[in-house]
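Structure, as structure tokens:
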Amino acid sequence: MNQRRIFIKNTLIAGAAASFSPSFLMSATRTNKEKLGVALVGLGYYSTDLLAPALQLTEHCELKGIVTGSPEKIPVWQEKYGIQDKNIYNYENFDSIANNEEIDIIYVVLPPSMHMEYTVRAANAGKHVWCEKPMATSVEECTTMINACKSNGVKLAIGYRCQHDPNIQAYMKVAKERPFGKVKMITSAAGYFDGRTDHWKQKKDLGGGAMGDMGVYALQGARLATGEEPISVLAQASSTRPEIYHEVEETMMFQLEFPSGALASCQTSFGIQMNHLHVNYEKGWLKMEPHSSYNGNKGSMSDGTIINFSINSQQAKQMDEDAWSIKNNQNMLVPGEEGLRDIRVVEAIYKSARQNCVVKL
Ligand code: NAD
């Protein structure tokens, strides 16, 4: 089935940013624009290779601005996407984006330790916020982000593109309708080999580590396939390249126990390519592989059902659906609260790995 057109569906930074906030709320929350203006903050791999190209395909939003600390990137982006001088910001003058009516949404695509600061500053500037996963590095930061968006009357969505993918929605539906009875056991894995040696993904203070990066996909697999929140975790962190992964884990294995009795065995790694979800129910099974890719996610079920929806661009679909929800004042499909649910479990996983014991949630 072609799903190409499925749209129908603070404190820390309060200082500079707060002074812009209340008078600009209306510009973000009341708009008749056909396409909402998006500004990408952080022009690294994901913005450059995935989000900016996807924003050329969207119907409800468009790339209007950039926020970057690398001046050499500006002419490249201007040439490619026709971004006007007045819609270009750096990290210092970012708060003045509050005065820019062409920008409705700020998409935070920075290392995780910076997500809270830029989400709060964007919210204080009266802009809706999309923030990449992992939402932040602690529950406390997530809560601050949610509160900042609430108090500024703007919406917050987390960039869990997979939840917009009909292939993932297919097993979320199984969790809801239970055609095979209760979930008994899940195996969920997400990882790749990262050959870099000096990147934020290897640095603790920037929010690195496999768990927050790829681990959230394995965790989402287990949470979405059960439709439940884990009640306990047991985790083990390891590194086969300690010369690179000494501040953060290269690999995390974690087990989850759910209220219904369902169990999950999950793995994530920066050293191992893996991408699958297996669910054993009382009376059947479901397998997805790949499970959390940008495209081509597919699977099958024990009753012969094939899951294989094609979508043109997962990121375009995500941003279009989120922009549509903002235009129509609807709830975000993946709100900040969903990002927080994962980080709550991630915190428990780290605690379990550190203390080498089961952590109750
Ligand atoms: P990246 O390293 O390629 O880009 C990070 C950007 O942040 C760069 O432009 C860099 O200049 C900028 N930056 C600003 N201050 C920095 C600092 N102190 N240290 C390092 N970089 C700094 O990273 P990326 O892969 O684009 O990831 C960015 C975010 O997007 C992360 O949260 C990541 O998890 C997320 N991401 C999501 C997906 C997805 O599928 N949803 C895929 C890739 C990345």
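The values are calculated or read from the model by the stated rules, or taken from the named source; none is laboratory data. Remember, predicted model here, so these are calculated numbers, not experimental data. Here the Cβ positions follow ideal geometry from the backbone for every residue, glycine too, while neighbour counts run over all protein chains shown.
Among the residues of the stretch 161-185, which ones are under 22 Å from the mean Cα position of the chain (by Cα) and of a type in the set (A, V, I, L, M)? Before the answer, list the steps.
At the first step, the residues of the stretch 161-185 found to be under 22 Å from the mean Cα position of the chain (by Cα) are 161-173, 175.
Residues satisfying the conditions are Ile168, Ala170, Met172, Ala175.
Name the pairs whose Cβ atoms lie under 8 Å apart, with the first residue in the stretch 120-132 and at positive phi, the second surrounded by 24 or more Cβ atoms within 10 Å (Cβ to Cβ), and 6 or more positions between them or separate chains?
Gly126/Ala28; Gly126/Asn152; Gly126/Val154
Just for the stretch 272-313: of the residues that are of a type outside the set (Lys, Arg) and in contact with an Asp or Glu (Cβ under 8 Å, 6 or more places away or on another chain), which one is farthest from Lys182 (Cα to Cα)?
Filtering the stretch 272-313 for residues of a type outside the set (Lys, Arg) gives 272-282, 284-286, 288-297, 299-313.
In the following step, the residues that additionally are in contact with an Asp or Glu (Cβ under 8 Å, 6 or more places away or on another chain) were identified as 275-277, 284, 297, 299, 309, 311.
Details: Asn275: 23, His276: 20, Leu277: 16, Gly284: 10, Asn297: 24, Gly299: 19, Phe309: 25, Ile311: 30 Å.
By that ranking, first place goes to Ile311.
Hey, could you check the stretch 198-239 for residues that are assigned to a helix (DSSP H, G or I) and more than 16 Å from the ligand (Cβ to nearest atom) and say which is farthest from the chain's Cα centre (by Cα)? Please lay out each step first, then the result.
So in the stretch 198-239, the residues assigned to a helix (DSSP H, G or I) come out as 200-202, 204-206, 210-226.
Restricting the remaining residues to those that are more than 16 Å from the ligand (Cβ to nearest atom) gives 222-223, 225-226.
Numbers: Ala222: 16, Arg223: 15, Ala225: 18, Thr226: 19 Å.
Checking each candidate, the answer is Thr226.
Condition check: among the polar types (S, T, N, Q), in the same structural domain as Val109 (by TED's automatic domain parsing) and either within 12 Å of the ligand (Cβ to nearest atom) or in a strand (DSSP E or B) (or both). Does Thr58 satisfy that? Please lay out each step first, then the result.
Details: among the polar types (S, T, N, Q): yes; in the same structural domain as Val109 (by TED's automatic domain parsing): yes; either within 12 Å of the ligand (Cβ to nearest atom) or in a strand (DSSP E or B) (or both): no.
In short, no.
Does the stretch 343-350 include one or more residues that are touching a Lys or Arg at 6+ places or on another chain (Cβ under 8 Å), crowded, with 19+ Cβ neighbours inside 10 Å, in a helix (DSSP H, G or I) and not small (Gly, Ala, Ser)?
Scanning the stretch 343-350, I find at least one residue that is touching a Lys or Arg at 6+ places or on another chain (Cβ under 8 Å), crowded, with 19+ Cβ neighbours inside 10 Å, in a helix (DSSP H, G or I) and not small (Gly, Ala, Ser), so the answer is yes.
Any residue in the stretch 289-303 that is under 19 Å from Met214 (Cβ atoms) sitting within a Cβ distance under 7 Å of a residue that is of a type in the set (Ser, Thr, Tyr)? List the pairs, counting only those 6 or more apart or interchain.
Matching pairs, first to second residue: Ser292/Tyr217.
Checking the conditions here, which among Ala148, Ala157, Ala125 is within 18 Å of Ile343 (Cα to Cα) and either touching a Phe, Trp or Tyr at 6+ places or on another chain (Cβ under 6 Å) or modelled with pLDDT under 95 (or both)? Even if it seems obvious, please write down each step before you answer.
Values: Ala148 fails: either touching a Phe, Trp or Tyr at 6+ places or on another chain (Cβ under 6 Å) or modelled with pLDDT under 95 (or both); Ala125 fails: within 18 Å of Ile343 (Cα to Cα).
Going through Ala148, Ala157, Ala125 in turn, just one is within 18 Å of Ile343 (Cα to Cα) and either touching a Phe, Trp or Tyr at 6+ places or on another chain (Cβ under 6 Å) or modelled with pLDDT under 95 (or both): Ala157.
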